1. Select from region 198-222 the residues that are outside any helix (DSSP H, G or I), closer than 19 Å to Leu147 by Cβ and not acidic (Asp, Glu) and list them in ascending order.
2. Would you mention how many residues in region 204-219 are of a type outside the set (Gly, Ala, Ser), more than 20 Å from the chain's Cα centre (by Cα) and farther than 16 Å from Pro99 by Cα?
3. Of everything in region 263-298, what is within 11 Å of the ligand (Cβ to nearest atom) and among the hydrophobic types (A, V, I, L, M, F, W, C)? Give them in sequence order.
4. Name the residues in region 135-156 that are free of Cβ contacts under 8 Å to residues at least 60 places away in the same chain and either away from the ligand (no atom under 13 Å from the Cβ) or open to solvent by 10 Å² or more (accessible area, probe 1.4 Å) (or both), would you?
5. Considering only region 247-262, state which residues are open to solvent by 10 Å² or more (accessible area, probe 1.4 Å) and near the ligand (Cβ under 9 Å from one of its atoms).
6. Only one of Asp187, Asp209, Asp192 is touching a His at 6+ places or on another chain (Cβ under 6 Å) and either modelled with pLDDT of 95 or more or open to solvent by 20 Å² or more (accessible area, probe 1.4 Å) (or both). Can you tell me which?
7. For Phe244, all conditions in the list (1) open to solvent by less than 10 Å² (accessible area, probe 1.4 Å); (2) in contact with a Ser or Thr (Cβ under 9 Å, 6 or more places away or on another chain) hold save one; what is the number of the exception?
8. From the list Ala41, Ala37, Ala59, exactly one residue is farther than 19 Å from Gly298 by Cβ and aliphatic (A, V, I, L, M). Which is it?
Amino acid sequence: MFDTLSDRLSSVLQNLRGKGRLSDADIDTTAREIRIALLEADVALPVVRAFIAKVKERAKGAEVSAALNPAQQVVKIVNDELIAILGGETRRLNLAKTPPSVIMLAGLQGAGKTTLAGKLARWLKAQGHAPLLVACDLQRPNAVTQLQVVGERAGVTVFAPEPGNGVGDPVEVARRSIDEAKRSHYDVVVVDTAGRLGVDEEMMRQAADIRAATNPDEVLFVVDAMIGQDAVTTAEAFRDGVGFTGVVLTKLDGDARGGAALSVREVTGVPILFASNGEKLEDFDAFHPDRMASRILG
Ligand code: GDP
């Protein structure tokens with residue numbers, strides 16, 4: 001992801017090299033080219049507009065710096081503004097002071113929730129936590145089994161609906177999983193929920209009911225970065241229907257244009273907490289805006 005955008009941005013910025021001083025016209029031309037590069041990468045229009053306005057304003061007002069030549073100054077401004085739209089500071093996962101913490105995953109079917117549940121469980125374990133995975137996706141026939149497979153790979157227990165456990169009722173399964181966590185001393189409960197191929201009211205209601213019943217410390221909206229502009233509309237639908245406290249970008253290893261990844265934070269105002277970049281459980285890490293910006297700028 002971001003290869004084309006990276007190439008475009010570096011060639012735009014390359015054109016400034018060797019210039020002693022940048023005229024307003026130089027800055028306007030550069031800003032126009034950056035704008036095209038971002039739009040071609042599928043970054044949402046309002047995000048592009050705000051980004052370009054910021055870059056122009058700062059580049060035109062830039063002080064002559066002893067340390068940086070004009071080209072380097074523009075690179076620094078673009079880098080800073082990329083970090084800003086990606087969320088600025090790294091936002092850490094919020095856990096409860098009194099365990100168990102509850103982390104709920106929500107998103108469309110195929111976004112990568114179940115895979116993420118395994119990744120997150122493995123990651124939490126590595127940080128010394130005792131996670132419990134909870135199968136509340138009772139819509140997709142294989143979802144419970146898939147979570148069990150993932151749980152086994154991560155070496156983490158899966159709480160699945162069984163007779164007496166709230167079979168058929170995801171809200172009840174979620175509720176009971178918290179009792180089980182308290183009883184058996186799991187300190188983080190990760191709740192996998194059902195998704196549909198498209199946003200639908202019943203799915204939203206179910207997710208909202210699970211949220212209300214479990215009062216999660218984090219609701220993570222899981223979004224496939226490959227779906228382009230749709231990521232933004234889907235995020236808005238989940239924000240309005242369920243609400244979420246963090247975003248997880250998945251499939252960053254794909255070759256899509258990456259605009260979704262660059263837009264979702266700015267459009268929703270919710271920080272990106274994790275990035276997923278492969279099918280294996282270890283292809284996963286906390287999201288760092290500054291590292292992502294460096295990756296984009298090459
Ligand atoms: P869910 O329906 O939201 O639970 O999605 P799944 O976890 O079942 O994932 C859907 C598909 O995407 C599966 O084939 C996963 O292996 C794949 N997948 C999940 N995360 C990633 C990722 O970060 N990169 C790639 N390349 N594939 C992923």
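1. Of everything in region 198-222, those that are outside any helix (DSSP H, G or I), closer than 19 Å to Leu147 by Cβ and not acidic (Asp, Glu) turn out to be Pro216, Val219, Leu220, Phe221, Val222.
2. Total satisfying the criteria: 4.
3. Result: Phe274, Ala275, Leu281, Phe284.
4. The answer is Leu138, Arg140, Pro141, Asn142, Val144, Thr145, Gln146, Gln148, Val149, Glu152, Gly155, Val156.
5. Of everything in region 247-262, those that are open to solvent by 10 Å² or more (accessible area, probe 1.4 Å) and near the ligand (Cβ under 9 Å from one of its atoms) turn out to be Lys251, Asp253, Gly254.
6. Result: Asp187 is the single residue among Asp187, Asp209, Asp192 that is touching a His at 6+ places or on another chain (Cβ under 6 Å) and either modelled with pLDDT of 95 or more or open to solvent by 20 Å² or more (accessible area, probe 1.4 Å) (or both).
7. The number of the failed condition is (1).
8. Ala59
The values are calculated or read from the model by the stated rules, or taken from the named source; none is laboratory data. Since the model is a prediction, treat every value here as computed from it, not as a measurement. Every residue, glycine as well, gets a Cβ built from its backbone with ideal geometry; the counts of neighbours run over all protein chains shown. All accessible areas refer to the heavy atoms of the entire protein, side chains included, with ligands and DNA or RNA removed. Shrake-Rupley method; radii C 1.70, N 1.55, O 1.52, S 1.80 Å.
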